[in-house]
Amino acid sequence: MGRRPENTRQKRNPTTDHGQGRQCRRQSNAERSAYFARREAAKVLRCVLQGDARRRAVASIKTLVYGPSVRNKKATFALVCQTLKYLPILKDVLEAAKVLNGKWKRHEELVYIIMYDILFGQAITLAGDAERFLLLRKDDLQAALAQLCVRKKVKCFADLLLQDDKSFVADASKPRYARVNTLKLDTDSALHVLGKQYEVRKDDVVPNLLVLPPGTDLHAHPLVNDGGIFLQGKASSMVAVALSPEPGWEVLDACSAPGNKTVHLAALMSGKGKIIACELNKDRVKLLEETIKRSGASSILLKTIPLANKTISKILFELCSQLISGRRHTIKTIRAILLDPSCSGSGTAAERLDHLLPSNRLAQASDAADNQRAKNLAAFQSKALAHALSFPSVERVVYSTCSVHQTENEDVIKSVLPLAASLNFQLETPFPQWPRRGLPVFVGSEHLLRTDPVEDMEGFFIALFVKKEKKVTNDIAREGKEKNRNETKTTVEQKELDGSRELCSFEKRLLDGSSRGLRFQMNWEGLHESLSL
């Protein structure tokens, strides 16, 4: 018998096969994760670009990405930021390649995200229809990119990136702040839980604010997800504390979304009283609703106004009156108002990543456009603040912005000072120990509070109006009450004297025998009525 041929087939190694299988599963999971991250990034990018085009952002990039609706937060955030960074190049390449047909024009944001991955990012393996469409045209896209480099006279695509000295770069040394939501958790318990993983301490200025090392990522932490803590900057956390409404008050938060300050107010009031949260933008309302739900606050009444065909005056009127009609709440019951209106956001541009937005590139080309926008914003801000001060029962009003511009800050306050004085308001000093104050452009500006974009790593402005103690009015009121009591006492004494005279007359008539039973009854009833008064 011939020799049996050797089996050239390799024997299976269970250990190796198991490892390869595990690697394949990991790769498959990573591919799926990347696939869905591109879809989530496209939704965020659409919201960002639409808000930027209208100059009415729904929220910052970070707020949109780190909201509860986004699952793969890190990958989504990286994709959105990188796509925005390369967006001018992607648009030029897309136009030069002429590959975008009618169907995919309706999904431009997803096309931008996938193009970034194809040209500059990671290799795409798990592909949907959009990926397959662009991968088939990868050669055209790369050729258009090469032509763009030639036309711009640069050696490589990296040199195409816009270099601008005015671009903001977020400071990596900024601490991570976390505000404890005392509606759900006490500060010591939060310290204990976070202290197991991180170095954490209490802030020395803002109550219930914790400070963690720079770069600490808490977005997926259980305390954040269940609303036990909120990731809120120090300056932002100072605003509600400056207003300091008392438990049981009714408070108006006139421009609420995304809602961090709103739920902070609820916590400061221990969940007692009522907070009327107003928001005009329907897209921002969704963020506000999510924030309120996560906080567990039950004292917040959410009100919205459709923007269609509304002038500023009409909007302000409805915010301040019609919003709270249909219930027993009226403008006469509002004791405190937090007004944090739309502003340029110049103090938090680095934190918000505004330097990545298309409008920022256009604005850098024209300082005049910036100045005009600030003036337009200031006109609205002044009207809103004047209206807030006009509420009949309001005792405390806080005006705040995240702007560094004098036009939106000190100038707005100066414009309403005559009205404030006529309504018996005066500027008070929030956080007296804070070193940075308002610009010295009018008498009393030392009461204003500023945070510095460099020193404090964010630029905020806070002004606190407090209605003066009505000492003279109260004295007059006490005198009036005393006078009324004296008048009442005199009236009673006079009636008692008249009653005594009537009683004497009655007795005399009774003794004389001239009274009849009916007259006796009538005179007695009259006497009893007089004395009882």
Those residues of the range 194-230 which are in contact (Cβ under 8 Å) with a residue 12 or more places away in the chain, surrounded by fewer than 16 Cβ atoms within 10 Å (Cβ to Cβ) and in a helix (DSSP H, G or I) amount to Asn225
Is there a residue in the range 426-439 that is crowded, with 17+ Cβ neighbours inside 10 Å and hydrophobic (A, V, I, L, M, F, W, C)? yes
Log entry, pairs with first residue in the range 372-391 being under 9 Å from Glu408 (Cα atoms) and in contact (Cβ under 8 Å) with a residue 12 or more places away in the chain, second being open to solvent by less than 60 Å² (accessible area, probe 1.4 Å) and among the small types (Gly, Ala, Ser), beta carbons closer than 9 Å, six or more apart or on different chains, reads Ala374/Ser344; Ala374/Ser346; Ala374/Ser403; Leu377/Ser344; Leu377/Ser403
Do we find that Val58 is closer than 22 Å to Leu160 by Cβ, modelled with pLDDT under 85 and not basic (Lys, Arg) in this structure?
no
Counting only residues in the range 189-230 that are acidic (Asp, Glu) and farther than 23 Å from Thr262 by Cα, the one farthest from the chain's Cα centre (by Cα) is identified as Glu199
Practice item. Please work out if Pro88 is of a type outside the set (A, V, I, L, M, F, W, C) and assigned to a helix (DSSP H, G or I). Key: yes
Counted residues in the range 350-386 being modelled with pLDDT of 90 or more, crowded, with 16+ Cβ neighbours inside 10 Å and among the aliphatic types (A, V, I, L, M) come to 5
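One line per residue, one yes/no per condition, for (1) more than 22 Å from Arg32 (Cβ to Cβ); (2) of a type in the set (Phe, Trp, Tyr); (3) open to solvent by 20 Å² or more (accessible area, probe 1.4 Å); (4) touching a residue at least 60 places away in the same chain (Cβ under 8 Å):
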| residue | (1), (2), (3), (4) |
| --- | --- |
| Val80 | no, no, no, no |
| Leu94 | yes, no, no, no |
| Gln122 | no, no, yes, yes |
| Ala146 | yes, no, yes, no |
With criteria (1) of a type outside the set (D, E, K, R); (2) open to solvent by less than 10 Å² (accessible area, probe 1.4 Å); (3) farther than 30 Å from Glu289 by Cα; (4) touching a residue at least 40 places away in the same chain (Cβ under 8 Å), Leu90 comes up short on (4)
Taking the range 227-265 and keeping only residues that are over 20 Å from Glu458 (Cα atoms) and in contact with a Gly (Cβ under 9 Å, 6 or more places away or on another chain), one is left with Gly227, Pro245, Glu246, Pro247, Gly248, Trp249, Glu250, Val251, Asp253, Val263
Exactly one of Ser237, Ser244, Ser295, Ser270 is touching a Pro at 6+ places or on another chain (Cβ under 7 Å) and within 23 Å of Lys202 (Cα to Cα), and that residue is Ser270
Selection over the range 239-253 where residues are under 15 Å from the mean Cα position of the chain (by Cα) and surrounded by fewer than 23 Cβ atoms within 10 Å (Cβ to Cβ) yields a count of 1
Picking from Ala463, Ala477, the residue that is of a type outside the set (Phe, Trp, Tyr) and at pLDDT below 95 would be Ala477
In this structure, is Val285 open to solvent by 10 Å² or more (accessible area, probe 1.4 Å) and either in a helix (DSSP H, G or I) or more than 23 Å from Cys343 (Cβ to Cβ) (or both)?
yes
Filtering the range 138-154 down to residues that are touching a helix residue (DSSP H, G or I) at 6+ places or on another chain (Cβ under 7 Å) and not polar (S, T, N, Q) yields Lys138, Asp140, Leu141, Ala144, Leu145, Leu148, Cys149, Lys152, Val154
Of the residues in the range 402-422, those that are part of a loop (DSSP other than H, G, I, E, B) and open to solvent by 60 Å² or more (accessible area, probe 1.4 Å) come to His405
Counting only residues in the range 190-223 that are among the small types (Gly, Ala, Ser) and over 17 Å from Leu268 (Cβ atoms), the one modelled with the highest pLDDT is identified as Gly195
A careful count of residues in the range 424-443 that are among the hydrophobic types (A, V, I, L, M, F, W, C) and touching a His at 6+ places or on another chain (Cβ under 6 Å) gives 1
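The values are calculated or read from the model by the stated rules, or taken from the named source; none is laboratory data. Treat the numbers as computed from the prediction; the structure is a model and nothing was measured. Every residue, glycine as well, gets a Cβ built from its backbone with ideal geometry; the counts of neighbours run over all protein chains shown. The protein model used for the area step is the full one, side chains on, heavy atoms only, and it has no ligands, DNA or RNA in it. Shrake-Rupley method; radii C 1.70, N 1.55, O 1.52, S 1.80 Å.
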